[in-house]
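Just so you know, all these numbers are worked out from the coordinates, no wet-lab data involved. None of the values given here were measured: they were computed from a predicted structure. Note: ideal-geometry Cβ built from the backbone for every residue, glycine included; neighbour counts use all protein chains shown.
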Amino acid sequence: MWRLFLVTFLCIGSLQSAEAIEQKFPYQATVIAEKVEVRCGPGANFYVTGHVQQKETVTVHRHDHGGWFMIAPPKGSLSWIDAELVKRTGGDTGVVQVAPQNGRPARAIVRIGSELSKEHSYYGRELSNGDEVTILGEETLTTQRGPVRMLKIVPPAQEFRWMKGEFLVPLDKQIQQQIAHDPYQVPTENRSTFLKQKKEIETAKKKEVDQAVARRKVLYDELDRIDRVYASMMQKEPAQWDLESIKEQYQLLAKGADSTIGALIQKRMDVLKRRREILSHYQEFVRVSAASARRDKELVAQQLGFQNESTLNQTFVQGGPAPEQMASQPGPPTDEPVSPRLNGAGIIRPLPGNYPGTPRFALVAPDGRMLAYLEAAEGVRIDQWLGKPAGIIGSRGHHAQLGADVIRVQRVVPVQLVR
């Protein structure tokens, strides 16, 4: 007996709960937020047809999945219909007039319009012959069939729009209570708080995005600054390069960089590595040249009877025949234009190593100072003049990457270096 009573009590309670949750449509609701989007379908993928403002009243016809409420088209809504399918009956009225096709009932498609654009790809109604429309205007729209003359009309009955239900509060207190018992709806008394919290979250996310954008700008600005310092350094002589400082700055910047900026820094580090190899090559050349210059000074001092090497600090070129042991035939003449004077004079030295893209010979002063790199024109044998005083005729220019002058040698002539 008690069991039967308990079952009956539970059934009655369930029916009462079902009645409490069951809602009556349509009902009136008030918008509780500013400029809420209204769409042509129940989802964010459907295009926006307009906005409703705070305290505006809308008519709700259904609750759909995802918290979307189907509403009657709010004030300002519009639709489109093919002008060829409407016969005007007055200033702003018309009647649908469509010829039947293949025995099927005549239908005129009404497309959902937007106050914000010419979008009209979705349709919500089909009208029959004799249905009346209220005309708002006329325009030519681009369709899949090409340009079509369309009438802008008031949305017909049973055409709907959608908006998020969280922005609405029913005017009827009973409906508010029904929504409060719906586990899938935000209670009406909490919706203002819910929207406030949602706005705070959106504001925090926007602030986070803005901070990330600002940080990326700082990183890009710092990368640009290092690049400019590096480019300026490359205009100087290799002896003035401070590549380690540039490397350290790039590495420090990489610690706080994201993958995109990190990839840009890595490319620069790869270039910097090759430039450091060039610098190492140059430094080795300077070391070898200095050692050779010291030996040459000692030999010259012994031959000329000079004991004080301080008299060898100045060097100039005096034309005239070279000593017999230094004589050599000049290289073959070429058709390239060359300067009528010497473009350089000194002792020709081989460069250590054979780094790709760099000259193999250099012209140095007797004291080991680097004067210029040498590149031989076709048919010119520079190697025959190694270790000998030589006058260089050719074209001379500054090489930015090497940080020094480069002479393209057209001819080598013997000279006597007077100290």
Checklist entry - So which of 35/164; 164/199; 55/164; 236/388; 164/207; 247/267 end up more than 22 Å apart by C-alpha? => result 236/388; 164/207
Checklist entry - To the nearest 0.05, how large is the calculated FRET efficiency for residue 216 and residue 72 if R₀ is 41 Å and r is the Cβ-Cβ distance? => result 0.35
Next on the checklist: Distances longer than 19 Å among the Cα atoms of the range 82-153: what percent of all pairs is that?
Outcome noted: 34 percent
Checklist entry - Reachable lysines from residue 152, Cα under 22 Å, same-chain residues fewer than 8 places away excluded? => result 75, 87, 118
Next on the checklist: Sequence gap at least 6, Cα distance under 8 Å: using those rules, report the relative contact order of the range 200-274 to the nearest whole percent.
Outcome noted: 31 percent
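What is the order of 128, 79, fewest Cβ neighbours within 10 Å to most?
128, 79
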Checklist outcome for this item: Going fewest to most other Cβ atoms within 10 Å around each Cβ, 122, 230 line up as 122, 230
Checklist entry - Order of 65, 399 from fewest to most other C-beta atoms within 10 Å? => result 65, 399
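For residue 360 and residue 142, calculate 0.36 nm times their separation in residues minus their Cα-Cα distance, and state this gained length in nm to one decimal.
Net length gain for the segment: 71.5 nm.
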